[in-house]
Each structure stands twice: as structure tokens, then as C-alpha cells.
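**Student:** The structure under discussion is supplied below as C-alpha cells; questions concerning it will follow.
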Amino acid sequence: MYKVAIIGPESTGKTSLAKFLAARYSGLYIPEYAREYVEALAPTYAYTQQDVIRIAQHQIEELSSLDCPLAFFDTDLIITKVWLQHKYGQCPDFINEALQRYPIDAYLLCYPAGLGVIGAWIALFIDQTTRFVASTIRFAGGKWKTIKLG
């Protein structure tokens, strides 16, 4: 099984990216359990260290029960560990053990550049420029002249 976790700050498109990748590569999408858990605490959204530990326990249960070749996680247990250490100054040993037992194969970091629509245009320009340069180099190499069809 190959596990990919999409991590980063709030509102950076992690959920959309995880869903898209799962659909595109016929993988399993694992939603962010913390969001569901905290929303259930509404309207106060007040949570304790024990709540964060329950979230971690749920994440570990998901990791241990997965049976598919490819899974995309909308956030990951490592984020819960960092949150516990940051907010409460400690992380239970069982979380560290689970991180060792169920390692993630790849992490994708979503980070806002703060450029809005201009950022999308810049990304498009970089993409098209890269394609143009690569195509020009291949064309200039002349290898295409020796290809025989049929």
C-alpha cells in the first residue's frame, strides 16, 4: 500500500487536492477526521487535550485498517502530533509508535502564496514556458528526423 498525506495550513486546498488525486489515480480518499470531530462540538468549538488524543486514536484506527493499494489522506497523524506538542507541550508515546508503525510514503505540502488569480497566471506561464523549452530542445536535437513510421 502506498500512502500519500496532503498537509498544510487551513484553507490551502488540501481537501480538494486529496479528493482530486484519489479520483484521478483510483485511490481511496481519507477525509480529515479532526474537522468532523471539532464541527460536532459546535457551537463552542472548545476542545481539550483529550479530544485531540481521541482524534489521534481515530486516525491510528484508520491507518491500521486500510486495505487498498493507494490512499490519499486529507492531513495526517503527524499534524496531530505537532498540534499536541505545540498546544500542550507533550505527545503521548502511542502516537510516536503509530507514526513508526504506519509510515506515510509521501507528503504533499500545500502552502498559500497569497497571489490569488495572479498566482494562477504565473503558474500557467511557468508551465507553458517549461513545456516550450523542453520541446525546443527535443526539436533542436533532431532525433525526431530518424523515426520511421510503419
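The values are calculated or read from the model by the stated rules, or taken from the named source; none is laboratory data. A quick note: this is a predicted structure, and the numbers were derived from the prediction, not measured. FYI the Cβ positions are ideal-geometry reconstructions off the backbone, even for glycines, and counts take in every protein chain you see.
**Student:** Does residue 71 fit the bill of being among the small types (Gly, Ala, Ser) and not in a helix (DSSP H, G or I)?
**Tutor:** Considered against the rule, which asks whether it is among the small types (Gly, Ala, Ser) and not in a helix (DSSP H, G or I), residue 71 comes out as yes.
The rows are residues; the columns are (1) assigned by TED's automatic domain parsing to the domain that holds residue 58; (2) over 25 Å from the mean Cα position of the chain (by Cα); (3) farther than 24 Å from residue 11 by Cβ; (4) not in a helix (DSSP H, G or I).
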| residue | (1), (2), (3), (4) |
| --- | --- |
| 87 | yes, no, no, no |
| 91 | yes, no, yes, yes |
| 96 | yes, no, yes, no |
| 100 | yes, no, yes, no |
| 108 | yes, no, no, yes |
| 119 | no, no, no, no |
| 124 | no, no, no, no |
| 140 | no, yes, yes, no |
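**Student:** Looking for whichever is of a type in the set (A, V, I, L, M, F, W, C), in contact (Cβ under 8 Å) with a residue 12 or more places away in the chain and either part of a loop (DSSP other than H, G, I, E, B) or within 16 Å of residue 109 (Cβ to Cβ) (or both) here; the options are 63, 17, 41. Which one fits? Please lay out each step first, then the result.
**Tutor:** Numbers: 63 fails: either part of a loop (DSSP other than H, G, I, E, B) or within 16 Å of residue 109 (Cβ to Cβ) (or both); 41 fails: in contact (Cβ under 8 Å) with a residue 12 or more places away in the chain.
Matching residue, one of 63, 17, 41: 17.
**Student:** Let me ask something else about it. Yes or no: region 74-84 includes at least one residue that is surrounded by 11 or more Cβ atoms within 10 Å (Cβ to Cβ), among the acidic types (Asp, Glu) and under 18 Å from residue 38 (Cα atoms).
**Tutor:** Yes: region 74-84 contains one or more residues that are surrounded by 11 or more Cβ atoms within 10 Å (Cβ to Cβ), among the acidic types (Asp, Glu) and under 18 Å from residue 38 (Cα atoms).
**Student:** Is it true that residue 47 is part of a loop (DSSP other than H, G, I, E, B), modelled with pLDDT under 90 and not aliphatic (A, V, I, L, M)?
**Tutor:** yes
**Student:** Is there a residue being modelled with pLDDT of 90 or more, of a type outside the set (A, V, I, L, M, F, W, C) and out of contact with any Ser or Thr (no Cβ under 8 Å at 6 or more places or on another chain) anywhere in region 114-128?
**Tutor:** Taking every residue of region 114-128 in turn, at least one turns out to be modelled with pLDDT of 90 or more, of a type outside the set (A, V, I, L, M, F, W, C) and out of contact with any Ser or Thr (no Cβ under 8 Å at 6 or more places or on another chain).
**Student:** Moving on. Has region 52-67 got any residue that is of a type in the set (Ser, Thr, Tyr) and in contact with a Phe, Trp or Tyr (Cβ under 7 Å, 6 or more places away or on another chain)?
**Tutor:** Among the residues of region 52-67, at least one is of a type in the set (Ser, Thr, Tyr) and in contact with a Phe, Trp or Tyr (Cβ under 7 Å, 6 or more places away or on another chain), which makes the answer yes.
**Student:** Just checking, does region 40-55 include any residue being in contact with a helix residue (DSSP H, G or I) (Cβ under 6 Å, 6 or more places away or on another chain) and surrounded by 16 or more Cβ atoms within 10 Å (Cβ to Cβ)?
**Tutor:** Yes: one or more hits.
**Student:** When both residues are 6+ apart or on different chains and their Cβ atoms are under 6 Å apart, which pairs have a first residue that lies in region 102-127 and is closer than 23 Å to residue 75 by Cβ, and a second that is in a helix (DSSP H, G or I) and modelled with pLDDT of 90 or more?
**Tutor:** 102/63; 110/14
**Student:** Output yes when any residue across region 60-69 is at pLDDT below 90 and either under 14 Å from the mean Cα position of the chain (by Cα) or surrounded by 19 or more Cβ atoms within 10 Å (Cβ to Cβ) (or both), and no when none is.
**Tutor:** For region 60-69, residues at pLDDT below 90 and either under 14 Å from the mean Cα position of the chain (by Cα) or surrounded by 19 or more Cβ atoms within 10 Å (Cβ to Cβ) (or both): absent.
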